[in-house]
Amino acid sequence: MNPLAPATTALILVDVQPDFMPGGTLACHEGDTIVEGIDQLLRQRRFGHVVATQDWHPRAHVSFASSHPGRAPFEQIDLYGQPQTLWPDHCMQGTAGAELHPAIDWSAVDAVIRKGSDPAVDSYSGFRENHGPDGGRPSTGLAGWLRERGVDEVVVCGLARDVCVLWTAQDAVTLGFRASMLWDLTRPVTPASDAATREAMQASGIVLA
C-alpha cells in the first residue's frame, strides 16, 4: 500500500496482456496505445491499492470457437442459459500472450487475480466468473480482498472497454463499491460498441473519468 494515497481507493487494471494488443490473437482496437499511460499511472503511486487481473485460460476452454466444431470466432451460442460469444484462442496459460504486458513496470501491483482458469466457465469480470452450469457466478475473491483493506471505491481501466472492463466496473457497483472508469486508458474490441458502453455505464452508476 502507498501511504500517501487514499487507502480506501483501489486501481484495478484489467487484462493488460499482449493477446489483447495488435498482433495478438484477440486484438482490441488500438489496445497497445494504453500501455505507456498505464505505466506512467502506476509510477505516480496515486492509489492506496493496485490490483491487476489476468485472463488465464487452459487449452480447449469453453469460450474458444475452436472448442465448438463448426463454429467461428465471434459467433454466439447459448451456454448455461446465457449468451456466450465464442472467441479466438487467447491468453492460454503459460504463453507469452497471457503474460502481463512486459513494457509496464508492475512493481506497484499488490495482487494479481487470474480468471478464466475453469475450462467450463468463461470469465469477464475481475470480481466474478460468468454464469456456470449451476447458474451462479463464482467469486474470484477480489471483493473480499478489497473489503479486508477498507476499500470502498475502485477505479478501473484496461482491456477490453466493452467487455471485461465494463463487467468489472458493473460488478463493483453491484457489490457495493463506488466505481469509475478511466476511459482514455481503455480500448474496446470494436469502437462501434462505445455508445452502448457509455449507456451501460450510466445505467449502472459508473462514473466516466
Over region 132-190, with a single point scatterer placed on each C-alpha, what log10 of the ratio I(q)/I(0) does the Debye formula yield at q = 0.16, 0.26 1/Å?
-0.55, -1.07
With a/c under 1.5 counting as rounded, go ahead and sort region 2-51 into rounded, prolate or oblate using the C-alpha gyration tensor (a ≥ b ≥ c being the square roots of the eigenvalues; past the cut-off, prolate if a/b is larger than b/c, else oblate).
prolate
Read phi for every residue in region 56-73 and hand back ³J(HN,Hα) as whole Hz from Karplus 6.51 cos²θ - 1.76 cosθ + 1.60, θ = phi - 60°, with x for Gly and Pro.
8, 8, x, 5, 6, 5, 4, 7, 7, 4, 5, 8, 10, x, x, 9, 10, x
Residues whose placed amide H lies under 5 Å from that of residue 186, excluding near-sequence neighbours:
158
Provide 159, 146, 182 in ascending order of the number of other Cβ atoms located within 10 Å of each residue's Cβ, fewest first.
182, 146, 159
Kirkwood Rh over alpha-carbon pairs of region 86-145 plugged into Stokes-Einstein at 20 °C, 1.002 mPa s gives a D in µm²/s of 162 µm²/s
I need the phi-derived Karplus couplings for region 125-130: 6.51 cos²θ - 1.76 cosθ + 1.60, θ = phi - 60°, integer Hz, Gly and Pro marked x.
6, x, 9, 9, 5, 5
Enumerate the amide H contacts of residue 114 below 5 Å, restricted to partners 5 or more residues apart or on another chain; note that Pro and chain-start residues carry no placed amide H.
54
Taking only Cα atoms of region 91-209, the Rg to Rh ratio with Kirkwood Rh works out at 0.95
Provide Rg and Dmax in Å for the chain, with only Cα atoms included in the calculation.
16.1, 54
Cα-Cα pairs of region 56-113 separated by more than 13 Å (percent)
67 percent
Give me a comma-separated list of calculated 3J(HN,Hα) values for region 97-107, in order, Karplus coefficients 6.51, -1.76, 1.60 applied at θ = phi - 60°, integers in Hz, x for any Gly or Pro.
x, 8, 6, 4, 4, x, 7, 10, 7, 8, 5
By Cβ neighbour count within 10 Å, fewest first, 180, 139 rank 139, 180
Which percent of Cα pairs goes in each bin when the distances of region 23-120 are cut into 5 angstrom slices starting at zero?
2, 11, 18, 20, 17, 13, 9, 6, 2, 0
For the chain, what does the helix formula give at 222 nm: sum of -39500 (n - 2.57) over DSSP H segments with n ≥ 4, over the residue count, nearest 500 deg cm²/dmol?
-5000 deg cm²/dmol
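Read the figures in this text as sums done on the coordinates, not as results from a lab. These figures come from a predicted structure and were not determined experimentally. Note that we place each Cβ from the backbone using ideal geometry, even for glycine, and neighbour counts take in every protein chain shown.
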